[in-house]
1. Here is a list of conditions, (1) more than 22 Å from the chain's Cα centre (by Cα); (2) within 19 Å of Glu257 (Cα to Cα); (3) of a type in the set (D, E, K, R), and Lys131 meets all of them except one; can you say which number that is?
2. Any chance you could count how many residues in region 219-258 are in contact with a Pro (Cβ under 9 Å, 6 or more places away or on another chain) and surrounded by fewer than 16 Cβ atoms within 10 Å (Cβ to Cβ)?
3. It is to be established whether one or more residues within region 334-348 are loosely packed, with under 12 Cβ neighbours inside 10 Å, within 30 Å of Asp139 (Cβ to Cβ) and at pLDDT 95 or above.
4. Restrict the check to region 76-91 and report whether at least one residue is closer than 15 Å to Leu145 by Cβ and surrounded by fewer than 17 Cβ atoms within 10 Å (Cβ to Cβ).
5. What's the number of the only condition in (1) farther than 28 Å from Glu76 by Cβ; (2) surrounded by 16 or more Cβ atoms within 10 Å (Cβ to Cβ) that Tyr171 fails to meet?
6. Does region 176-184 contain any residue that is at pLDDT 95 or above and hydroxyl-bearing (Ser, Thr, Tyr)?
7. Taking the stated definitions as given, is Phe20 out of contact with any Phe, Trp or Tyr (no Cβ under 9 Å at 6 or more places or on another chain), in contact (Cβ under 8 Å) with a residue 40 or more places away in the chain and either closer than 23 Å to Thr136 by Cβ or outside any strand (DSSP E or B) (or both)?
Amino acid sequence: MLLSLLYYTFLLASAIQLSFWLLLFARLAFFKIPISHAKPKKEPPAVSIIICAKNEAKNLSQNLPRILNQSYHSFEVIVVDDGSTDETASILLDFQRKNPTLRIIDNYNKLNNNIGKKAALAKGIAAAKNKVLLLTDADCYPNSLEWLSTMQALLDDTKAIGLGYSPYRYYPGMLNRLIRFETVYTAIQYFSFALAKLPYMGVGRNLIYQKQLFQQVDGFQAHRHVVSGDDDLFINQVANKNNTAITILPKTFMYSEPKRSWHAYYRQKTRHFTTGIHYKFVHKSLLAVLAISHFFHYTGGIILLLAKFSTIFVFLIYVVRMVVILIVYAAILKRFQERNLLLWIPFLDVAYLAYYIIFAPVSLIGKTDSWT
């Protein structure tokens with residue numbers, strides 16, 4: 001009786017998985033980039049690039065030049081120094097002497113220096129002179145000098161939000177491979193949902209939107225009690241089926257430095273997972289169904305195989321799903337310039353079960369103490 005129940009659970013989970021990959025995620029694999037996203041507007045708007053920094057002296061030294069040297073007619077770069085104790089302030093002043101495009105905002109608070117990234121970002125947005133805001137982080141660098149011009153091309157009379165892709169740099173080793181896989185899989189989800197008119201999040205390393213959106217909802221007021229979420233919770237609040245566009249053009253990629261230790265990666269992901277429980281119900285439900293079906297496709301199938309229950313059929317279902325996701329992944333990884341991950345997909349896809357087991361309790365606790 002239990003094996004029969006598990007068998008039908010496995011079939012249902014596998015059917016749901018195939019539905020997600022064939023009906024939803026395949027949208028991204030075969031997404032045709034609109035011509036307007038690659039061509040500059042006749043009268044492109046001025047843009048404010050905003051970066052929050054806390055003890056980012058080294059990263060700013062390396063990455064800020066590629067942002068300040070963007071090929072665009074009118075923009076400012078605002079760096080909000082959130083009480084740094086390293087050489088961040090002096091490095092920023094050196095850059096500012098050579099480039100008046102850079103503006104420095106001091107967010108130091110002598111009563112409470114660690115008041116969070118949301119406060120720092122809100123201060124930068126309030127200081128922005130332009131109506132279009134392009135956000136990134138201090139540890140990121142654009143893939144080209146056309147990053148700004150191509151990201152702003154996403155916005156028009158109907159599109160107020162643009163979602164970009166932010167991959168991590170390649171380093172040898174399993175941790176880096178897992179980080180890049182998780183980044184790709186997350187991007188598949190939020191890009192595909194946006195293409196299906198269900199946008200639910202963006203990544204603050206590469207995100208553009210109209211300043212008026214921030215003003216209309218009183219900034220981060222609705223989720224001020226959550227330390228993180230300056231990107232995904234804000235987008236979850238203001239995005240709708242009509243106002244969100246995506247881009248996967250390589251020249252818009254914003255590369256980031258990955259964590260180099262398992263402990264640092266764990267801390268980073270626990271911070272990210274605390275925001276998901278605050279998403280809108282429809283988004284939480286769909287993401288939960290995706291994760292649960294993924295989990296039971298593997299756990300159910302493994303138990304059935306060990307019990308020698310419908311072995312051939314269970315194995316066939318596994319093969320069918322794996323072939324489908326490899327086809328979709330092959331197309332997406334090519335577009336994301338991550339083709340060297342393809343051979344690892346069968347292993348990483350099942351290894352992702354450990355990801356659910358480790359981080360699911362964190363999402364329920366929903367508490368973190370740092371924005372960096």
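1. Result: Lys131 passes all but (2).
2. So the count comes out to 3.
3. Initial filter on region 334-348 (loosely packed, with under 12 Cβ neighbours inside 10 Å): 340, 343.
The next check asks that each one be within 30 Å of Asp139 (Cβ to Cβ); those that pass are 340, 343.
Next cut, at pLDDT 95 or above only: 340, 343.
The answer is yes, given that some residue of region 334-348 is loosely packed, with under 12 Cβ neighbours inside 10 Å, within 30 Å of Asp139 (Cβ to Cβ) and at pLDDT 95 or above.
4. no
5. (2)
6. Yes, there is a match, as at least one residue in region 176-184 is at pLDDT 95 or above and hydroxyl-bearing (Ser, Thr, Tyr).
7. Judged against the criteria, Phe20 is a match.
Yes/no matrix, rows are residues, columns are (1) hydrophobic (A, V, I, L, M, F, W, C); (2) in a helix (DSSP H, G or I); (3) in contact with a Ser or Thr (Cβ under 9 Å, 6 or more places away or on another chain); (4) over 21 Å from Lys197 (Cα atoms):
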| position | (1), (2), (3), (4) |
| --- | --- |
| Asn242 | no, no, yes, no |
| Arg260 | no, no, no, yes |
| His263 | no, yes, no, yes |
| Ala288 | yes, yes, no, no |
| Ala291 | yes, yes, no, no |
| His294 | no, yes, no, yes |
| Gly300 | no, yes, yes, yes |
| Leu305 | yes, yes, yes, yes |
| Phe313 | yes, yes, no, yes |
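The values are calculated or read from the model by the stated rules, or taken from the named source; none is laboratory data. Quantities reported herein were computed from a predicted structural model and do not represent experimental measurements. Quick reminder, even Gly has a Cβ in these numbers, built from the backbone with ideal geometry, and neighbours come from all protein chains shown.
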